[in-house]
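K.L.:
My questions all concern the structure below.
Laboratory data are not the source of any read-out in this text; all were calculated from the coordinates shown. Keep in mind that this is a model prediction, so the values were computed, not measured.
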Amino acid sequence: MIKRLAVAALLIASIALPLHADFSDVARAIDRKDGVSRVWIPFLGVARAVVWAVQPEGVRDFQLVTFRGADNVDPRELHQIMKEKAGSGFQPLVQVWSKRSDEVSFIYAKPSKEGNRIELMVLAHDGEETVLVRVDVDAEVLARELGERPRNVTRMARR
């Protein structure tokens, strides 16, 4: 009985949490760079399932990958990967380049077809750490937070 429940839960989770090819394409392209490898994050799948079910602060879904060994990767290469692999519909929203170091951040956005959600893909690289995040958020909640308290969006993202 427990095995059947576990298999059913796994099946439901795999259907409910579809993979996003755009995110996967970006992650694979970064992972293919010499010396770069993904860092496994324990229980990330469980956290993703909880977020999908609870939808805290308007977040409907997320994916997260961290990489080790990307300190040798040229930030211009990361920028090119985002431009080429982010997928159709994604538009650059924010692109930040540090003048003093190899720190870069790219935020790409894509509205849902219904217009009630926004998908954000964020790539941050600081020379030592590289993180790729995809977040599917309720557009109304994001707009409200940006309009009323723009600085609270960063606090909300840290939760």
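K.L.:
Can you give me the long-range amide H partners of Ala86? Hydrogens built in the peptide plane at 1.01 Å from N, cutoff under 5 Å, separation of 5 or more residues or another chain.
P.N.:
Distant-sequence amide H within range of Ala86: zero hits.
K.L.:
Oh, and also: ³J(HN,Hα) across the stretch 76-82 via Karplus (A = 6.51, B = -1.76, C = 1.60, θ = phi - 60°), whole Hz, x for Gly/Pro?
P.N.:
After applying 6.51 cos²θ - 1.76 cosθ + 1.60, I find 5, 5, 4, 4, 5, 4, 4 Hz.
K.L.:
Here is a follow-up. Starting from the amide H of Arg117, placed 1.01 Å from N in the peptide plane, find each other amide H under 5 Å away whose residue is 5 or more places distant or on another chain.
P.N.:
Ser112, Ala139
K.L.:
When the Kirkwood hydrodynamic radius is evaluated over all pairs of different C-alpha atoms of the stretch 50-89, what value in angstrom, to one decimal, is obtained? List each step's numbers first, then the result.
P.N.:
Values: mean 1/r = 0.0772 Å⁻¹.
Evaluated on the stretch 50-89, it is 13.0 Å.
K.L.:
Okay, next question. So how far, in whole Å, is the C-alpha centre of the stretch 24-50 from the one of the stretch 59-105?
P.N.:
Result: 14 Å between the Cα centres.
K.L.:
Using θ = phi - 60° and the Karplus curve 6.51 cos²θ - 1.76 cosθ + 1.60, what whole-Hz ³J(HN,Hα) does each residue of the stretch 122-130 get, with Gly and Pro shown as x?
P.N.:
So the J values, rounded to whole Hz, are 10, 10, 10, 9, 10, x, 10, 10, 10.
K.L.:
If you don't mind, there's one more thing I want to ask. Between Val59 and residues 5 or more places away or on another chain, which pairs have amide H atoms under 5 Å apart, with H built 1.01 Å from N, and which residues are they?
P.N.:
Asp138
K.L.:
Using only C-alpha positions, report the orientation-averaged shadow area of the convex hull of the stretch 12-145, nm², one decimal. Walk me through the numbers on the way to the answer.
P.N.:
Numbers: hull surface 34.5 nm².
For the stretch 12-145, averaging the hull's shadow over all directions gives 8.6 nm².
K.L.:
In addition: Please list, in order along the stretch 51-56, the HN-Hα scalar couplings obtained from phi with the Karplus expression 6.51 cos²θ - 1.76 cosθ + 1.60 (θ = phi - 60°), rounded to whole Hz, x for Gly and Pro.
P.N.:
Result, rounded to whole Hz: 4, 4, 7, 8, 6, x.
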